[in-house]
Every structure is written in structure tokens, then in C-alpha cells.
Amino acid sequence: MTLGEIAVRLEVLGNETRLAVFRHVVRAGERGLAVNDIHERTGVPRSTLSHHLRRLVDCGLMSRERRGTTLICRANAEAMTETLGFLLRECCADEVDSPSAHRHISI
């Protein structure tokens, strides 16, 4: 995972609408969430929602699967862990004399 890839993912999540959409998809877990359900839960217009979902898929934070006429969205747990873990692993890394430098933060 490069710094550039992390930056892109954080930029994608930096949009309030995308963050709300992603949060709903994350909460759905492995079963995923149908696009129609995301629309109903967020109130985001379908044309706008499509754009936001594409950004989340393109950066690797989410995947989509077609089941008949239904499009199911799932969070990519590995990508989410890599992205957020990057920041957590850096916490207090330069504080060699601090007791907090030796604590381990897990996600």
C-alpha cells in the first residue's frame, strides 16, 4: 500500500455523502447492501449515488456484485483496515521516550 493509495482513499472518504454511504455499507457486513437500500437509507438521489459508489469502488474500498436486477455493495474490509491501520500504526512512532510509544493500538 503506497502513501498515494492511502491519500486517494482518505480523499474519497473525505466527502460527507460518500462517508455516509460507506458507513451504511460497512454496517451491513458480509451480506452487503443493495443500492436501492442505500438510496432509501441516505436519501441520496440515484444519479448522484451512482457517482459516489463508483468512487468508492474505484479506490478499492468497496465492491459491487450483480444479483439479477439487484446491485449489492460490500465494503472491502482489507482495504479499510489497510487505510485506517496506516494511521494507527504511525501513532506516537517518534516518541521514543514516551510511555505511549510502546502501546499498541489495534483496530
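The values are calculated or read from the model by the stated rules, or taken from the named source; none is laboratory data. It should be emphasised that the depicted structure is a prediction, and the values quoted were computed from it without experimental measurement. Neighbour counts are summed over all protein chains in view; Cβ atoms, including those assigned to glycine, are modelled from backbone coordinates with ideal geometry. For the accessible areas, the whole protein counts, side chains as well, though only heavy atoms, and no ligand, DNA or RNA atoms are used. Shrake-Rupley method; radii C 1.70, N 1.55, O 1.52, S 1.80 Å.
A few notes on this one:
- Hey, GLU82 surrounded by 15 or more Cβ atoms within 10 Å (Cβ to Cβ) and modelled with pLDDT under 95 or not: yes
- Applying the criterion of being part of a helix (DSSP H, G or I) and in contact with a helix residue (DSSP H, G or I) (Cβ under 6 Å, 6 or more places away or on another chain) to the residues of segment 70-97, the residue that is farthest from LEU49 (Cα to Cα) is PHE86.
- Looking across segment 50-69, just one residue is assigned to a loop (DSSP other than H, G, I, E, B) and of a type in the set (Ser, Thr, Tyr), and that is THR69.
- Pairs with Cβ under 7 Å, 6+ apart, first in segment 73-91 and under 12 Å from ILE6 (Cβ atoms), second open to solvent by 60 Å² or more (accessible area, probe 1.4 Å) and part of a helix (DSSP H, G or I): THR83/LEU10
- Segment 32-55, residues that are touching a residue at least 40 places away in the same chain (Cβ under 8 Å) and either open to solvent by 70 Å² or more (accessible area, probe 1.4 Å) or of a type outside the set (Gly, Ala, Ser) (or both): LEU33, ARG55
- Residues in segment 4-31 that are touching a Lys or Arg at 6+ places or on another chain (Cβ under 8 Å), open to solvent by less than 30 Å² (accessible area, probe 1.4 Å) and either more than 13 Å from VAL57 (Cα to Cα) or among the β-branched types (Val, Ile, Thr) (or both): VAL12, VAL25, ALA28.
- Qualifying positions in segment 56-72 - in contact (Cβ under 8 Å) with a residue 12 or more places away in the chain and of a type in the set (Gly, Ala, Ser): GLY60, SER63
- Residue count for segment 1-31, restricted to those that are in a loop (DSSP other than H, G, I, E, B) and under 14 Å from MET80 (Cβ atoms): 1
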